[in-house]
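One structure is given below, encoded as structure tokens.
The values are calculated or read from the model by the stated rules, or taken from the named source; none is laboratory data. Please read all numbers here as calculations on a predicted model, not as lab measurements. Note that we place each Cβ from the backbone using ideal geometry, even for glycine, and neighbour counts take in every protein chain shown.
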Amino acid sequence: MKIIEQTPYTTEYWNQSNQENLLHQTLGIAVGKSVYWIEMNDMAEGREHQVEGLSIRTEKVRIDHHISMLNFNIYNELSTSKEIKVLMAHSNPRECDYQISFISPIEHLIYHMIDRQLFLVNGHLNGVKMKENTVMQQSQVDNNKIWSYGKGGKQTLSYNPIGKGKVVSLCGDTVKITGKSAIDGQAWSITDDCQKQLLQVNQTLLKKHTSISN
């Protein structure tokens, strides 16, 4: 795992009477078999990063104490096209007694249950929902053991629908960026006591930021 300008992660604890802790978000750029991870503290500063001819701008936004959103722009500085896979990792940075993460077979969405707190994570590239989802142990991500290979050597995230303990959820998609052009994307983490409310907020965000209408 390659970390760009890694800085110590400090969990921010809010007043639990009116705010909730949110998940740790990390943006990943996969070029071939190499993955470059941009840590949350870097993203929060709205900084620019360079990865193999790509210029990446990130902005972390907390809409309220229930929603954390990451906006990102990836610009191909080369004159030729470049194919990459964009990944969004979500994990729990704090100690807990119980943690399970899973992909819903009905909605095809990722949930994290941490103690009694429920999270939903999702994202898009250029207005299209990311297609690949998986849940893995932190050690697999750290050691870049996240890939499966299909016909013709096609590289996809190794699918695992559920994990317990110190796990990371990943959503991602492959995109080809033509020379001297850019793509935009967003990822969000939502928390609420009610799953129905999570789905409603997620649907609102999808309608606002993507081509999905139902």
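Annotations for the structure displayed:
- The strands (runs of 3 or more DSSP E) found wholly in region 114-154 and carrying at least 3 residues that are out of contact with any Lys or Arg (no Cβ under 6 Å at 6 or more places or on another chain), of a type outside the set (S, T, Y) and within 16 Å of M88 (Cα to Cα) occupy 117-125, 132-137.
- Selected residue (criterion: modelled with the highest pLDDT) from residues of region 61-112 that are within 22 Å of Q138 (Cα to Cα) and acidic (D, E): D97
- The set of residues from region 40-55 being at pLDDT below 95 and not in a loop (DSSP other than H, G, I, E, B) comprises M40, N41, D42, M43, A44, E48, H49, Q50, V51.
- Among the residues of this structure, K145 does not count as one that is surrounded by 13 or more Cβ atoms within 10 Å (Cβ to Cβ), of a type in the set (K, R) and more than 16 Å from the chain's Cα centre (by Cα).
- The set of residues in region 9-39 that are closer than 17 Å to D192 by Cβ and at pLDDT 50 or above comprises N21, L22, L23.
- Restricting attention to region 75-110 and to residues that are surrounded by 14 or more Cβ atoms within 10 Å (Cβ to Cβ), touching a residue at least 60 places away in the same chain (Cβ under 8 Å) and of a type in the set (S, T, Y), the residue that is farthest from L157 (Cα to Cα) turns out to be Y75.
- Count of residues meeting criterion [crowded, with 18+ Cβ neighbours inside 10 Å and outside any strand (DSSP E or B)] in region 160-200: 2
- Every condition in (1) touching a residue at least 24 places away in the same chain (Cβ under 8 Å); (2) closer than 19 Å to D192 by Cα is met by I63 except one, and the failing one is (1).
- Inter-residue pairs, beta-carbon under 7 Å, first surrounded by fewer than 17 Cβ atoms within 10 Å (Cβ to Cβ) and in region 47-58, second of a type in the set (D, E) and at pLDDT 95 or above, 6+ apart: G53/E77; S55/E77
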